[in-house]
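Taking it in order: structure first as structure tokens, then the write-up.
The values are calculated or read from the model by the stated rules, or taken from the named source; none is laboratory data. Quick caveat: nothing in here was measured; it's all calculated off a predicted structure. Here the Cβ positions follow ideal geometry from the backbone for every residue, glycine too, while neighbour counts run over all protein chains shown. Keep in mind that these areas ignore ligands, DNA and RNA; they rest on the heavy atoms of the full protein, side chains included. Shrake-Rupley method; radii C 1.70, N 1.55, O 1.52, S 1.80 Å.
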Amino acid sequence: MYTTAFLDLPPLLSAGGTVRLPGSKSISNRVLLLAGLSEGTTVVHDLLASDDTHVMLEALRTLGCDLQQDGDTVHITGLGGQLAVKDADLFLGNAGTAMRPLTAALALLSATQGGVFTLSGVPRMHERPIGDLVDALRPLGCTIECTGTEGYPPLRLAGGQLELSAPIKVRGDVSSQFLTALLLALPLVSQQQALTIEVVGELISKPYIEITLNLLARFGIQVERQGWERFIIPQGSRYQSPGEIHVEADASSASYFIAAGAIAGIDTPVRVEGVGAASIQGDIRFVEAAQAMGAQVTSGPNWLEIRRGTWPLTAVDMDCNHIPDAAMTLAVMALYAQGTTRLRNIASWRVKETDRIAAMACELRKLGATVVEGEDFIEVTPPATGAWQHASIHTYDDHRMAMCFSLAAFNPLAPTAAAGKPVSVRIEDPRCVGKTFPDYFESLFQVAQTDPDLIPVITVDGPTASGKGTLASALAHRLGYKFLDSGSLYRITALLALEQQVDLDDAQALEALARRVGHDISLRFDGEHIWVDDRDVSDALRREEVGQTASRISAVPGLRQALVELQKAFRGLPGLVADGRDMGTVIFPDAALKVFLTATAAERAERRYKQLIQKGFSANLDEICADLEARDLRDRTRAVSPLVPAADARKLDNSALTIEASMDTVLGWWVEGWPHVIAGH
Ligand code: DC
């Protein structure tokens, strides 16, 4: 997952290949609650690992459910309708799918069995209305106090006296989650009589109610539905664990890949696995909406394949009430359509993770689109030809904003794009996707392709022990970029040469060996560890003898040439930080930012000394210093790729700087240069 402050998406040129999607959030949290209320143990497979499910799991644990987690399978032993804990403070983050049903369930349980529960969340959660649910529960005799603003969390649930003979009325026109909450919780108090729920106002997001009814049935509760106005929970309903249950992949998450296929599935389709035509999720109907805009879709029960069909996409005028979440994806697809797309009946966008109509309008305008925003609709016209703008997309702590806007990175394909002038798309706070899809960007980069020249590279060159490795890997981590420690390739070649007793003066033999590295000699990089043909050589590579040999053989032109393609192949989405001696001069002369790092020989010797002692090697400071200077001289004066700063490198002497301070300086240069550095080729 990208935990960076922002993620810069390089311009993307095509999409194709397979993604497996994480489990559905809506299904995951409903199943968790139902399992938590049931008697006995339920094994939940393919559970989504996300912020919202984490919050629900923690709440159930606090309430006394026994939970055993094993990867994406969770064993839950439920309460069987009996409170095990009678006082609890539950923190529910920004998870509406936890707040609403837990409010209903705990209000009813505290009214019948006693106990006091407080439910709170992040500040945004305290701005998301819950009044319609509170108004449905209070007339039943539940004591519910809104401890902040009336109609909003935090809530305090403190007992009451239930009176259930009259039909239970709930508004259905702001959020369907209130009705879902009641449907999930009311079976708890259905022992004496059947319970009737009457929906006031036109029910929105009906497909989510279908998911609720479907899952209730899996847990043994058959709700009688009369139109969309009346729901009857039979007397004596009891939650019965199905034993095992599989969570299907999230259909809303599929929308981004369906869109990617429609926009950029040019030669090969994008294949989505885990959800398909047999889905119980309403958002699967996004497929029809995408088809209306031009996508070519084939499907099986649990898979979809999408390619580009009509191009440019067709602008549509569509009622999106049935697919509120996935419809956001249509708004971004509209950037690739001819004409104006109008999405109607989406008032619920205003009460989601953020006011999504306002947010969508603001961010689409940044890219150059013309947007008309209404109380319950949005109209999007793509930028005029050549009028696309670089944009730093604010994501409002809303996972769907981040995921939707990643699709703007396909802008070079837009019918209105100016030739050769892709715009940069920066996604702010990319980790917000963790709400439902922590590995979203990794999945996107798995199916998106681009020209390597469009992928930004930051090079960090400098003499040995200048701290470039530490700086470069920290930078890569902070930016979420790939990392190339080019010195390790020379060290690997040196290690193999020593082991295989290759004559170090035989340039041809050395070149031949280097050509095999990364080809028939396999390499694997994993954090601190490097494997060569499945052998962990990380420690061996750090040996002084290996470093010395690397320095010596790196003067062989044929050997250097042999490693060029291997180094270039590290250039991958979304970007690369490469450290070495000639990264900015020879391997990536088109790098977006070149850093040349130095420190005094004395300071570098000191660092190397500490490093060796820490690793348990014996070391002598004077020898190290002499050796460093000799190696510097050799690296600087060799005939091929001598160690010199690139003409356009920014120099940084870090003798007196901490790693953090060096990082801040370089990140400052990077931020300062945006977006020109990326789009400036
Ligand atoms: O960065 P390092 O100390 O791990 O590198 C080991 C040797 O490899 C170094 O002495 C010089 C050589 N090298 C090189 O010539 N070009 C690079 N890009 C990286 C390393």
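If the condition is being more than 44 Å from the chain's Cα centre (by Cα) and within 16 Å of the ligand (Cβ to nearest atom), then region 600-621 contributes only 619. Would region 365-383 turn up any residue that is open to solvent by 40 Å² or more (accessible area, probe 1.4 Å), touching a residue at least 12 places away in the same chain (Cβ under 8 Å) and under 18 Å from residue 675 (Cα atoms)? Looking through region 365-383, at least one residue is open to solvent by 40 Å² or more (accessible area, probe 1.4 Å), touching a residue at least 12 places away in the same chain (Cβ under 8 Å) and under 18 Å from residue 675 (Cα atoms). Residues in region 443-462 that are more than 16 Å from the ligand (Cβ to nearest atom) and either part of a helix (DSSP H, G or I) or of a type in the set (Gly, Ala, Ser) (or both): 443, 444, 445, 446, 447, 448, 452, 453, 454.
Among the residues of region 496-522, what is the count of those that are surrounded by 15 or more Cβ atoms within 10 Å (Cβ to Cβ) and part of a loop (DSSP other than H, G, I, E, B)? Going through region 496-522 one residue at a time, the tally reaches 3. Here is the figure for region 466-480: residues that are open to solvent by less than 20 Å² (accessible area, probe 1.4 Å) and either free of Cβ contacts under 8 Å to residues at least 24 places away in the same chain or not in a helix (DSSP H, G or I) (or both) total 2. Filtering region 622-648 to residues that are open to solvent by 70 Å² or more (accessible area, probe 1.4 Å) and away from the ligand (no atom under 15 Å from the Cβ) leaves 622, 623, 647, 648. If you filter region 1-38 down to residues that are of a type outside the set (S, T, N, Q), over 14 Å from the mean Cα position of the chain (by Cα) and assigned to a strand (DSSP E or B), you find that the one that is farthest from residue 189 (Cα to Cα) is 15. Of all residues in region 228-252, exactly one satisfies the criterion of being modelled with pLDDT of 95 or more, of a type outside the set (A, V, I, L, M) and open to solvent by less than 10 Å² (accessible area, probe 1.4 Å), namely 231.
Conditions (1) outside any helix (DSSP H, G or I); (2) farther than 21 Å from residue 22 by Cα; (3) open to solvent by less than 10 Å² (accessible area, probe 1.4 Å), marked per residue:
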{"site": "275", "(1), (2), (3)": "yes, no, yes"}
{"site": "280", "(1), (2), (3)": "yes, no, no"}
{"site": "286", "(1), (2), (3)": "no, no, yes"}
{"site": "298", "(1), (2), (3)": "yes, no, no"}
{"site": "324", "(1), (2), (3)": "yes, no, yes"}
{"site": "329", "(1), (2), (3)": "no, no, yes"}
{"site": "334", "(1), (2), (3)": "no, yes, yes"}
{"site": "349", "(1), (2), (3)": "no, yes, yes"}
{"site": "354", "(1), (2), (3)": "yes, yes, no"}
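Scanning region 191-211 for residues that are open to solvent by less than 40 Å² (accessible area, probe 1.4 Å), closer than 16 Å to residue 102 by Cβ, touching a Pro at 6+ places or on another chain (Cβ under 6 Å) and not small (Gly, Ala, Ser) turns up nothing. The one condition from (1) without any contact (Cβ under 8 Å) to a residue 60 or more places away in the chain; (2) in contact with a Ser or Thr (Cβ under 7 Å, 6 or more places away or on another chain) that residue 665 does not meet is (2). How many residues are assigned to a loop (DSSP other than H, G, I, E, B) and over 30 Å from residue 557 (Cα atoms) when one looks only at region 580-624? Result for region 580-624: 6.
Scan region 189-218 and report the pairs whose first residue is at pLDDT below 90 and whose second residue is among the hydrophobic types (A, V, I, L, M, F, W, C) and open to solvent by 40 Å² or more (accessible area, probe 1.4 Å), with Cβ atoms within less than 7 Å and a gap of 6+ or a chain change. Filtered contacts from region 189-218: 206/228. Only one of (1) in contact (Cβ under 8 Å) with a residue 12 or more places away in the chain; (2) away from the ligand (no atom under 13 Å from the Cβ) is not met by residue 586, so which one is it? Here residue 586 meets the rest and fails (2). Residues satisfying the criterion are absent from region 349-358 (criterion: in contact (Cβ under 8 Å) with a residue 24 or more places away in the chain and small (Gly, Ala, Ser)). Restricting the search to region 554-577, which residues are modelled with pLDDT of 95 or more and near the ligand (Cβ under 8 Å from one of its atoms)? Passing the criteria: 560, 567.
Within region 468-495, the set of residues being touching a strand residue (DSSP E or B) at 6+ places or on another chain (Cβ under 7 Å), within 11 Å of the ligand (Cβ to nearest atom) and not hydroxyl-bearing (Ser, Thr, Tyr) comprises 468, 469, 472, 484, 485, 487, 489, 492. The single condition among (1) within 11 Å of the ligand (Cβ to nearest atom); (2) open to solvent by 70 Å² or more (accessible area, probe 1.4 Å) that residue 525 does not meet is (1). Restricted to region 149-166, and to residues there that are more than 18 Å from residue 191 (Cβ to Cβ) and surrounded by fewer than 13 Cβ atoms within 10 Å (Cβ to Cβ), the residue that is nearest to the chain's Cα centre (by Cα) is 149.
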